[in-house]
Amino acid sequence: MKLPTVCPSCENTLNVSQMKCPSCKTEVSGDYELPVLLKLNREEQEFVVNFLLSSGSIKEMAKQAGLSYPTMRNKMDDLITKVGQLKTNL
């Protein structure tokens, strides 16, 4: 099951309020912000994972995706901007 990160009513970022250990059943409750990378949508998270798996090569990512290097570079620049904005809001 995918972790919901956006409110279905108002589309604001959700916070984590409870976590539970599946082994001993210990529960931790509070109001915790999601880490920056979990605030990205699924496609953006996959982009980050693919970037790591391609050893940080945008050229390799573009090749694997069948896109031009400039198109992939633009996607990277957009993601860099978004992550920068999310970090600023912490």
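The values are calculated or read from the model by the stated rules, or taken from the named source; none is laboratory data. Everything numeric here is computed off the predicted structure, so don't read it as measured data. Positions of Cβ are backbone-derived with ideal geometry, glycine not excepted, and every protein chain shown enters the neighbour counts.
Between Glu11, Glu27, Glu33, which is farther than 26 Å from Gln64 by Cβ, in contact (Cβ under 8 Å) with a residue 40 or more places away in the chain, out of contact with any Pro (no Cβ under 8 Å at 6 or more places or on another chain) and of a type outside the set (A, V, I, L, M)? Walk me through it before giving the result.
Details: Glu11 fails: in contact (Cβ under 8 Å) with a residue 40 or more places away in the chain; Glu27 fails: in contact (Cβ under 8 Å) with a residue 40 or more places away in the chain.
Glu33 is the lone residue from the list that is farther than 26 Å from Gln64 by Cβ, in contact (Cβ under 8 Å) with a residue 40 or more places away in the chain, out of contact with any Pro (no Cβ under 8 Å at 6 or more places or on another chain) and of a type outside the set (A, V, I, L, M).
I'm checking my understanding of the structure. Among residues of segment 38-83 that are without any contact (Cβ under 8 Å) to a residue 40 or more places away in the chain and within 17 Å of Leu3 (Cβ to Cβ), which one is surrounded by the fewest Cβ atoms within 10 Å (Cβ to Cβ)? Don't jump to the end; show me each part of the working.
First, the residues of segment 38-83 that are without any contact (Cβ under 8 Å) to a residue 40 or more places away in the chain: 38, 41, 43-81.
Narrowing further to those that are within 17 Å of Leu3 (Cβ to Cβ): 38, 41, 43-46, 48-49.
Working: Leu38: 13, Asn41: 11, Glu43: 9, Glu44: 16, Gln45: 14, Glu46: 11, Val48: 14, Val49: 11.
Ranking the candidates gives Glu43 first.
Can you pull out the residues in segment 1-29 that are of a type in the set (Asp, Glu) and in a loop (DSSP other than H, G, I, E, B)? Working first, answer last.
Going residue by residue through segment 1-29, those that are of a type in the set (Asp, Glu) are 11, 27.
Residue satisfying the conditions is Glu11 alone.
Could you grab me the full set of residues in segment 39-90 that are within 28 Å of Val16 (Cα to Cα) and among the aromatic types (Phe, Trp, Tyr)?
Within segment 39-90, Phe47, Phe51 meet the criteria.
Being among the charged types (D, E, K, R) and in contact with a helix residue (DSSP H, G or I) (Cβ under 8 Å, 6 or more places away or on another chain) is the filter; apply it to segment 1-39 and report the residue that is nearest to Thr88 (Cα to Cα).
Kept after step one, since they are among the charged types (D, E, K, R), are these residues of segment 1-39: 2, 11, 20, 25, 27, 31, 33, 39.
Subset that is in contact with a helix residue (DSSP H, G or I) (Cβ under 8 Å, 6 or more places away or on another chain): 2, 39.
Working: Lys2: 26, Lys39: 13 Å.
By that ranking, first place goes to Lys39.
Every residue in segment 16-54 that is among the polar types (S, T, N, Q) and over 18 Å from the mean Cα position of the chain (by Cα), please. I'd like the intermediate steps shown before the answer.
Residues of segment 16-54 among the polar types (S, T, N, Q): 17-18, 23, 26, 29, 41, 45, 50, 54.
Ser17, Gln18, Ser23, Thr26, Ser29 - these are the residues of segment 16-54 that are among the polar types (S, T, N, Q) and over 18 Å from the mean Cα position of the chain (by Cα).
Kindly indicate whether Asn50 is polar (S, T, N, Q) and touching a Leu at 6+ places or on another chain (Cβ under 8 Å). Give the derivation first.
Working: polar (S, T, N, Q): yes; touching a Leu at 6+ places or on another chain (Cβ under 8 Å): no.
For Asn50, the condition - polar (S, T, N, Q) and touching a Leu at 6+ places or on another chain (Cβ under 8 Å) - is not met.
Does segment 61-68 contain any residue that is within 23 Å of Leu86 (Cβ to Cβ) and either of a type outside the set (Asp, Glu) or assigned to a loop (DSSP other than H, G, I, E, B) (or both)?
Of segment 61-68, the ones within 23 Å of Leu86 (Cβ to Cβ) are 61.
Next, from what is left, pick out any that are either of a type outside the set (Asp, Glu) or assigned to a loop (DSSP other than H, G, I, E, B) (or both): 61.
Yes: segment 61-68 contains one or more residues that are within 23 Å of Leu86 (Cβ to Cβ) and either of a type outside the set (Asp, Glu) or assigned to a loop (DSSP other than H, G, I, E, B) (or both).
Scan segment 30-60 residue by residue and report those that are part of a helix (DSSP H, G or I) and touching a strand residue (DSSP E or B) at 6+ places or on another chain (Cβ under 6 Å).
Kept after step one, since they are part of a helix (DSSP H, G or I), are these residues of segment 30-60: 36-39, 42-53, 58-60.
Passing the criteria: only Lys39.
Out of everything in segment 1-37 that is closer than 27 Å to Lys75 by Cβ and of a type in the set (Ser, Thr, Tyr), what residue ends up being surrounded by the most Cβ atoms within 10 Å (Cβ to Cβ)?
Among those residues, the one meeting the criterion is Thr5.
For segment 11-28, how many residues are among the polar types (S, T, N, Q), more than 22 Å from Leu86 (Cα to Cα) and modelled with pLDDT under 95?
Step one: list which residues in segment 11-28 are among the polar types (S, T, N, Q), which gives 12-13, 15, 17-18, 23, 26.
Adding the requirement that they be more than 22 Å from Leu86 (Cα to Cα) leaves 18, 23, 26.
Going one step further and asking which of them are modelled with pLDDT under 95, we end up with 18.
Qualifying residue count, segment 11-28: 1.
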